[in-house]
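*Asks:* Have a look at this one before I ask anything.
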Amino acid sequence: MNFGGLPGGMAGSMPSGPSQMDMARAEMMFFADLFTKMNDACFRKCVPRFNDGDLNTGEMVCVDKCVSKYMEATNTVGEILQKSQMMMQPPS
């Protein structure tokens, strides 16, 4: 019986880890979440009231700096997590 859906019972020889599609989907979800959180945090911080349809110069500068700092912090945390994961893996 072939439950894997592949001819010749090849399902057992397939890698059991996440597929490239699953990894791409997870990465897309991560970046969508990152963008949403960054947008919310920077907008709340930099745009205290709605007077115009456009941002004024001070608000634009604030948003620019906020986004830059948010991305820098995200990258720093990612690097630290990656290093800690590498240290936890046993040597091959």
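The values are calculated or read from the model by the stated rules, or taken from the named source; none is laboratory data. In this text the structure is predicted, and so the values were computed from the model without any measurement. In case anyone asks, the SASA skips ligands and DNA or RNA and just uses the protein heavy atoms, side chains included. Shrake-Rupley method; radii C 1.70, N 1.55, O 1.52, S 1.80 Å.
*Asks:* Considering only protein heavy atoms, what per residue accessible area in square angstrom results for the range 24-84 with a 1.4 angstrom probe?
*Replies:* The answer is 82 Å² per residue.
*Asks:* How much length would be gained if the chain were fully extended between Val77 and Ala24, taking 0.36 nm per residue of separation minus their Cα-Cα distance, in nm to one decimal?
*Replies:* Once the chain is fully extended between Val77 and Ala24, it gains 17.0 nm.
*Asks:* Heavy atoms only, 1.4 Å probe, whole protein assembly: order Asp22, Asp64 by accessible area, highest first.
*Replies:* Asp64, Asp22
*Asks:* Let a ≥ b ≥ c be the square roots of the eigenvalues of the Cα gyration tensor of the range 23-84; is it rounded (a/c under 1.5), or, if not, prolate (a/b larger than b/c) or oblate?
*Replies:* It comes out prolate by the Cα gyration axes.
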